Amino acid sequence: MKTIDENPDEIKIHISENLAVEADKIIYCTNAFSSKFLEKEEIIPARGQILLTEPIDGLKLRGTFHYDEGFYYFRNLDNRVLLGGGRNQDFKTEETTDFETTEFLQKHLENFLREVILPGQDFKIALRWSGIMAIGSEKTPIVKQISERQFCAVRLSGMGVALAPKIGEMMAEMISILI
């Protein structure tokens, strides 16, 4: 999106110089990517890097685990280890909306996997990727009406999958009151 124009009858989202979409209302729910349009809100991008192993025979890991105040997340996914986190090793570099992985953090995650999760076990990495979250000085999500036709549900602090159903209900109620 390039710009957004709101008037009493509609809101116009300019996607490019030659393309615009008109709507009655819009909801910003792209987390860190909404910061361009919600400049008054504290929305800080936080990249999370992830890796996934090849299947591991006899993997005994069961459950979902958080480590080091939640800066690491791991679980068994079809006899593979899904591991993400370590952002606290380099906060400044990970404060970005760039979808990429870094050699430093990927090596750190591999070492964590080798030393903490799978000591003495062989493994191979199948996939590596990153995702973008939004954080702020408060962990509380921002869910509110910001103008007559604009709403937001952002800054879910890495808990988007868990919070999305409830926040979706809250936003639906907020908008339905106005209809």
Taking region 1-58 and keeping residues more than 24 Å from the chain's Cα centre (by Cα) and of a type in the set (A, V, I, L, M) leaves I11, L19, A20, V21, A23, I56
Just one listed residue, out of I27, I11, I15, I50, is in contact with a Gly (Cβ under 7 Å, 6 or more places away or on another chain) and not charged (D, E, K, R), and it is I50
Within region 17-38, restricting to residues that are modelled with pLDDT of 90 or more and not hydrophobic (A, V, I, L, M, F, W, C), the one that is nearest to V116 (Cα to Cα) is Y28
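Return yes or no: is E173 within 27 Å of E10 (Cβ to Cβ) and exposed (fewer than 14 other Cβ atoms within 10 Å of the Cβ)? Reasoning before the result, please.
Numbers: within 27 Å of E10 (Cβ to Cβ): yes; exposed (fewer than 14 other Cβ atoms within 10 Å of the Cβ): yes.
Here the answer is yes, as E173 does meet what is asked.
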Taking the conditions exactly as written (over 20 Å from the mean Cα position of the chain (by Cα) and within 28 Å of K124 (Cβ to Cβ)), does N76 satisfy them or not?
yes
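In this structure, does T53 turn out to be of a type in the set (S, T, N, Q), modelled with pLDDT of 95 or more and either in contact with a strand residue (DSSP E or B) (Cβ under 7 Å, 6 or more places away or on another chain) or crowded, with 16+ Cβ neighbours inside 10 Å (or both)?
Values: of a type in the set (S, T, N, Q): yes; modelled with pLDDT of 95 or more: yes; either in contact with a strand residue (DSSP E or B) (Cβ under 7 Å, 6 or more places away or on another chain) or crowded, with 16+ Cβ neighbours inside 10 Å (or both): yes.
Yes: the conditions hold for T53.
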Here the residues within region 111-155 that are buried (at least 18 other Cβ atoms within 10 Å of the Cβ), in a loop (DSSP other than H, G, I, E, B) and at pLDDT below 95 are P141, R149, R155
Of L61, L38, L77, L82, the only residue that is closer than 25 Å to L156 by Cα and touching a residue at least 40 places away in the same chain (Cβ under 8 Å) is L38
Picked from region 64-74 (must be free of Cβ contacts under 8 Å to residues at least 12 places away in the same chain and closer than 20 Å to R114 by Cβ), the residue surrounded by the most Cβ atoms within 10 Å (Cβ to Cβ) is F65
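The values are calculated or read from the model by the stated rules, or taken from the named source; none is laboratory data. Bear in mind the structure is a predicted one, so any value in this text is a computation, not a measurement. Counting neighbours? That spans all protein chains shown, and the Cβs are built from the backbone with ideal geometry, glycine included.
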